[in-house]
1. Please give the helix 176-188 orientation as an angle from the longest Cα principal axis of the chain, in degrees from 0 to 90, rounded to the nearest 10.
2. With labels modelled as points extended 7 Å from the Cα through the Cβ direction, what inter-label distance (nm, one decimal) is found for ALA96 paired with ALA42?
3. Please report the antiparallel percentage of the DSSP beta bridges confined to the chain, to the nearest 5.
4. Normalised by the number of residues in segment 84-132, what is the relative contact order in percent for Cα pairs under 8 Å and 6+ residues apart?
5. What part of the accessible area of segment 1-84, given as a whole %, is carbon or sulfur when the probe is 1.4 angstrom?
6. What ranking do 107-113, 82-88, 164-170 get when scored by the average of other Cβ atoms within 10 Å per residue, highest first?
7. So what are the ³J(HN,Hα) numbers for segment 143-154, from phi and the Karplus equation (6.51, -1.76, 1.60; θ = phi - 60°), rounded to whole Hz, Gly and Pro as x?
8. Defining a contact as two alpha carbons under 8 Å apart and six or more residues distant in sequence, what relative contact order in percent does the chain show?
Amino acid sequence: MRLSCADWFGGYVLPPVLTEFCEKYPAVELELLISARLYNLARREADLAFRIIPFNNRDIVQRRLLDMPYGVYIAQNLPDPVVGDGEGQRLLSMDASTGTYPDTLWLQDRFPRAEIVLRSNNRHIQARMCASGLGIAVLPRPLGDQVPNLRRLTGMDTPPTRSIWMGYHRDLRDLGRLRAFVDLVVKHIAT
């Protein structure tokens, strides 16, 4: 069964689901496609996908799983930055070539005089660079809370959440292994 999701979701949210599924159903082989690319479920490029935007094809069965919380992170050894200013601070941001991200705009609004030092389409890279002391990043909490040498800033408003959507082609809805996987996803992740 082919699954598609973003790097951070596959590495920091799905592992308990993958582990339990593989233990319960050892005969089913899972293939996890980690990519910023949106695989086309109608063309069967993947069987099940997780995204931050809803699916727009009427043949796709979709469900909003949860509103993912985000946090502001900085390297463990760095002092708290001054919110509302940002002078002398560096920001790690999403690559804007595919559109804008609410968390990126939110971060720039909180630190208007800060310099964007790195843009990346990979949240894990942002987290690693943030932990190395390169700058401030907004990250999904499951990622930011698990990366060593990062700490979440408190005492400020929180970044906007993003909905996580799960979808699969309607022709697969009666497939036993897919149903079993979806049930585990709902058990572990859905709110």
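1. Taking the Cα atoms of the chain, the angle to 176-188 is about 30 degrees.
2. Result for the modelled spin labels: 3.1 nm.
3. Working: 19 of 32 bridges.
For the chain, the DSSP antiparallel bridge percentage is about 60.
4. On the way: 59 pairs, mean separation 24.7, N = 49.
Reported relative contact order: 50 percent.
5. That fraction is 50 percent.
6. On the way: 107-113: 16.4, 82-88: 13.1, 164-170: 21.0.
Going from most to least packed, we get 164-170, 107-113, 82-88.
7. Values, residue by residue: 7, x, 6, 9, 7, x, 6, 10, 9, 8, 6, 10 Hz.
8. Computed over the chain, the figure is 32 percent.
The values are calculated or read from the model by the stated rules, or taken from the named source; none is laboratory data. None of the values given here were measured: they were computed from a predicted structure. Don't worry about glycine lacking a Cβ; one is built from the backbone with ideal geometry, like all the others, and counts go over all protein chains shown. Quick note on the areas: whole protein, heavy atoms, side chains included, nothing else; ligands and nucleic acids left out. Shrake-Rupley method; radii C 1.70, N 1.55, O 1.52, S 1.80 Å.
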